[in-house]
Amino acid sequence: YTINGTVRSAVYHMAQNLMAELMAQEGCFLSKIAYRKKDSSCKNTLCVADFDGSGKETLVQSSRIVVAPQWNRDVYCPMLLCSEFREKNVCLVAFDMHGRKRAMLDIDGTTVGVSYSSTESRLHQVVYCHSGSLWRYSYDKNRNKGVHTLIVKESAPCASPNLADSGNVFYCCQGKIKEYHADTKKTTTLIAEGYCVGPSYNQKNNSIVYT
């Protein structure tokens, strides 16, 4: 018996179910890794692989530069978001698992770095970096329209936003790891020693990894 046509996929599903039964927690076996590579023909390729690096598949090839792939955190309707360099700006685009592209944020300036709220969260928000500042996107049901709100503007560019279910945002700026607090609308420095970038927040155990 196979799922999605491969024995490997069936084994991963079995391992995921065993982990849930034996350890009472979710495993990583159904996780996917997305990354970008550049081949000898100078095409930019977005690839997707299984949690252990096997089963690599090419999602899309583009003559344009695409960077910073990020999942939308929806396991039922997964999309891969990335920044695409165009002639006049750097816009945020999304690809579904069939490689179909749609522009998500195509405005003047540079949009690099995005983080979705999790499917378990009630926030239904997106945080992104635009021209060095942090912005939050949410949908206003009363006005029936999306709302973009500036939440953090510093003297230096912000990068690598991570949206927590609390509404707080972890990011880096000037080599420091910082946190924006949604309730007070203030920021605090979490890690100031050395030059630190690329934070990644884990909602399950409330921890951050960084470079």
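Somewhere in the range 75-84, is a residue touching a residue at least 40 places away in the same chain (Cβ under 8 Å) and hydroxyl-bearing (Ser, Thr, Tyr)?
yes
Tell me yes or no: at least one residue of the range 76-99 is farther than 26 Å from Lys38 by Cα and either open to solvent by less than 80 Å² (accessible area, probe 1.4 Å) or out of contact with any Gly (no Cβ under 7 Å at 6 or more places or on another chain) (or both).
Taking the range 76-99 first, the residues farther than 26 Å from Lys38 by Cα are 76-77.
With the extra rule that they be either open to solvent by less than 80 Å² (accessible area, probe 1.4 Å) or out of contact with any Gly (no Cβ under 7 Å at 6 or more places or on another chain) (or both), the set shrinks to 76-77.
There is at least one residue in the range 76-99 that is farther than 26 Å from Lys38 by Cα and either open to solvent by less than 80 Å² (accessible area, probe 1.4 Å) or out of contact with any Gly (no Cβ under 7 Å at 6 or more places or on another chain) (or both).
Only one of these is within 24 Å of Val197 (Cα to Cα), small (Gly, Ala, Ser) and either in contact with a Lys or Arg (Cβ under 7 Å, 6 or more places away or on another chain) or in contact (Cβ under 8 Å) with a residue 24 or more places away in the chain (or both): Ala49, Ala34. Name it.
Going through Ala49, Ala34 in turn, the sole match is Ala34.
Scan the range 167-193 for residues that are open to solvent by less than 80 Å² (accessible area, probe 1.4 Å) and in a loop (DSSP other than H, G, I, E, B) and jot them down.
Selection gives Gly167, Asn168, Gly175, Ala182, Thr184, Ala192.
Return the only residue of Thr211, Thr149, Thr189 being under 24 Å from Arg73 (Cα atoms) and touching a Lys or Arg at 6+ places or on another chain (Cβ under 6 Å).
Thr149
Can you report the number of residues in the range 124-155 which are of a type in the set (A, V, I, L, M) and open to solvent by 90 Å² or more (accessible area, probe 1.4 Å)? Show your work before the answer.
Within the range 124-155, the subset of a type in the set (A, V, I, L, M) is 126-127, 134, 147, 150-152.
Checking which are open to solvent by 90 Å² or more (accessible area, probe 1.4 Å) leaves us with none.
The total comes to 0.
Taking the range 31-50 as the region of interest, how many residues are within 20 Å of Asn202 (Cα to Cα) and touching a Phe, Trp or Tyr at 6+ places or on another chain (Cβ under 6 Å)?
Selection size over the range 31-50: 1.
Tell me which residues, restricted to the range 29-51, are closer than 19 Å to Met97 by Cβ and exposed (fewer than 13 other Cβ atoms within 10 Å of the Cβ).
Matches in the range 29-51: Tyr35, Lys37.
I'm checking my understanding of the structure. Among residues of the range 194-211 that are β-branched (Val, Ile, Thr) and more than 17 Å from Asn168 (Cα to Cα), which one is most open to solvent (accessible area, probe 1.4 Å)?
Step one: list which residues in the range 194-211 are β-branched (Val, Ile, Thr), which gives 197, 208-209, 211.
Add one more test, that the residue is more than 17 Å from Asn168 (Cα to Cα), and what stays is 197, 211.
Values: Val197: 53, Thr211: 113 Å².
For the range 194-211, the residue satisfying everything is Thr211.
Exactly one of these conditions fails for Cys158: (1) surrounded by 11 or more Cβ atoms within 10 Å (Cβ to Cβ); (2) at pLDDT below 95. Give me its number.
All conditions pass for Cys158, except number (2).
Considering (1) touching a Leu at 6+ places or on another chain (Cβ under 6 Å); (2) open to solvent by 70 Å² or more (accessible area, probe 1.4 Å), say which one Ser63 fails and leave the rest.
Among (1) touching a Leu at 6+ places or on another chain (Cβ under 6 Å); (2) open to solvent by 70 Å² or more (accessible area, probe 1.4 Å), the lone unmet condition for Ser63 is (1).
The values are calculated or read from the model by the stated rules, or taken from the named source; none is laboratory data. What you see is a predicted model, and the numbers here were worked out from it, not measured in a lab. When we count neighbours, we look across all protein chains shown, and the Cβ atoms used for this are built from the backbone with ideal geometry, even at glycine. For accessibility, only protein heavy atoms count, side chains too; no ligands or nucleic acids. Shrake-Rupley method; radii C 1.70, N 1.55, O 1.52, S 1.80 Å.
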